[in-house]
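Here the structure is laid out as structure tokens; the discussion comes afterwards.
The values are calculated or read from the model by the stated rules, or taken from the named source; none is laboratory data. Not measured: the values here are computed from a predicted model. Cβ placement follows ideal geometry from the backbone for every residue including glycine, while neighbour counts extend to all protein chains displayed.
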Amino acid sequence: MPTPRPTTPEVCPLCGQGNQCAMELERATGQKQAPCWCTQVDFSAELLARVPTADQGKACICAACAALSLHPVQGREVNQR
């Protein structure tokens, strides 16, 4: 069984990679950022349901996982926890 990772706002809760969230970067640094890529993406209910309950509302899904949900790669599991 995988060891649970602590939830951090900069890490995708599905794959554990950086999520490049401009809104979190702005909050953390106080420096104004351009609008985040995620404001232009529709996240499906199926993709959002893959986020572990403990991580919901605490970290953004990364662009790679969002893209995979639209165009899955055969044999690759999105939720690698």
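For this structure, a couple of remarks:
- Odd one out for residue 67 among (1) surrounded by 11 or more Cβ atoms within 10 Å (Cβ to Cβ); (2) of a type in the set (A, V, I, L, M, F, W, C); (3) in a loop (DSSP other than H, G, I, E, B): (3)
- Within the range 1-22, the set of residues being modelled with pLDDT under 90 and either farther than 11 Å from residue 59 by Cβ or not in a loop (DSSP other than H, G, I, E, B) (or both) comprises 1, 2, 3, 4, 20.
- Set side by side, the residues 45, 64, 34 differ, and just one is at pLDDT 90 or above, hydrophobic (A, V, I, L, M, F, W, C) and more than 13 Å from residue 21 (Cα to Cα), which is 45.
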